[in-house]
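Visitor: Dumping the structure here so I can ask a few things about it.
The values are calculated or read from the model by the stated rules, or taken from the named source; none is laboratory data. Treat the numbers as computed from the prediction; the structure is a model and nothing was measured. Every residue, glycine among them, receives a Cβ derived from its backbone with ideal geometry; neighbour counts consider all protein chains shown. Only protein heavy atoms, including side chains, enter the accessible area calculation; ligands, DNA and RNA are left aside. Shrake-Rupley method; radii C 1.70, N 1.55, O 1.52, S 1.80 Å.
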Amino acid sequence: MSVNPVHQTELDTLLAISSGLNSTGGNDRLKNIMHQLLNDLCKTIKQFDVTDEEFWVAVNYLNELGGRQEAALLAAGLGLEHYLDMRADEKEAASGNEVGTPRTIEGPLYVANAPLSEGFARMDDGKEQAETMWLQGQVTDMNGKPVAGAIVDIWHANTLGGYSFFDQSQSEYNLRRRIRTGDDGRYTVRSIVPCGYGCPPDGPTQKLLTAIGRHGNRPAHVHFFVSAPGYKHLTTQINLNGDEYLWDDFAFATRAELIADPVKITDAAVARERDLNGEHT
Ligand code: MBD
Ligand code: FE
């Protein structure tokens with residue numbers, strides 16, 4: 001492809017000025033990133049001969065996306081948040097450090113400062129007709145030694161795929177809890193089985209996904225932050241096996257090592273054996 005050298009020079013000049021490269025002051029890294037982004041954008045406009053109408057549709061789309069606070073949702077849907085995980089994994093592999101439970105994306109629906117308790121929490125407010133879900137886990141270091149005093153911050157959706165704070169029909173901090181591990185590093189949670197999440201059907205994220213022939217659904221999952229003094233923070237999730245979207249997550253968060261096989265317990269003796277006796281409630 002031949003380029004008109006005069007035109008090319010004019011574009012270079014324009015972008016050098018518009019990205020701030022020609023100015024004193026400001027942040028150099030930001031200038032360089034803006035310069036590259038604007039260059040790539042102009043290249044795309046030229047390559048597809050983007051019309052004025054298409055351009056302003058895109059600008060209005062960004063306004064709508066911000067207005068609905070869906071920028072982070074779109075970042076997940078476009079795989080960009082997962083790409084950050086891919087990069088972090090790559091760097092970790094290159095560092096030669098041992099890797100524990102794999103990370104996966106946080107997503108846009110975390111809320112800080114959930115109620116904190118020791119060793120056990122009931123996460124649901126009891127207002128929803130749902131199947132009971134117990135989660136038991138242990139935080140260990142890379143040698144398998146239990147980590148006492150770790151904070152396990154858990155959040156998940158209800159049976160309609162909705163998250164408290166974003167779904168106004170739920171009570172504050174419903175299905176959001178922090179549990180501090182005891183000396184054995186263990187924690188137990190009583191909650192309800194979540195359903196998968198779907199993007200708001202009338203929102204800008206779903207609109208774009210539909211326009212490119214994609215769906216906006218996630219399989220049923222439970223989010224975790226795990227942290228302890230002196231240890232790297234872990235952001236991860238588990239996916240419940242059997243969900244139709246298990247390997248078709250619109251946000252690309254599923255990892256083989258993070259699939260949990262739910263076990264249905266109907267026998268009271270088995271429940272007692274596993275310390276799922278309801279005494280905690
Ligand atoms: C979610 O619940 C979620 O976890 C992600 C990543 C995106 C949208 C909704
Ligand atoms: Fe989620």
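Visitor: Search the stretch 75-124 for residues being within 21 Å of residue 177 (Cα to Cα), of a type in the set (D, E, K, R) and open to solvent by less than 60 Å² (accessible area, probe 1.4 Å), and hand back the single one that is farthest from the chain's Cα centre (by Cα).
Guide: Going through the qualifying residues, I end up with 124.
Visitor: Which count do you get for residues in the stretch 220-251 that are of a type outside the set (A, V, I, L, M), within 13 Å of ligand 2 (Cβ to nearest atom) and closer than 27 Å to residue 140 by Cα?
Guide: Qualifying residue count, the stretch 220-251: 8.
Visitor: State all residues of the stretch 201-225 that are of a type in the set (A, V, I, L, M, F, W, C) and either within 10 Å of ligand 1 (Cβ to nearest atom) or touching a residue at least 24 places away in the same chain (Cβ under 8 Å) (or both); if no residue qualifies, say none.
Guide: 208, 209, 220, 222, 224, 225
Visitor: Which of the residues that make up the stretch 127-161 are free of Cβ contacts under 8 Å to residues at least 24 places away in the same chain and open to solvent by less than 50 Å² (accessible area, probe 1.4 Å)?
Guide: Answer for the stretch 127-161, where residues must be free of Cβ contacts under 8 Å to residues at least 24 places away in the same chain and open to solvent by less than 50 Å² (accessible area, probe 1.4 Å): just 144.
Visitor: May I pose another question? Regarding the stretch 24-32, can at least one residue be identified that is modelled with pLDDT of 95 or more, within 16 Å of ligand 2 (Cβ to nearest atom), among the aliphatic types (A, V, I, L, M) and more than 16 Å from the chain's Cα centre (by Cα)?
Guide: no
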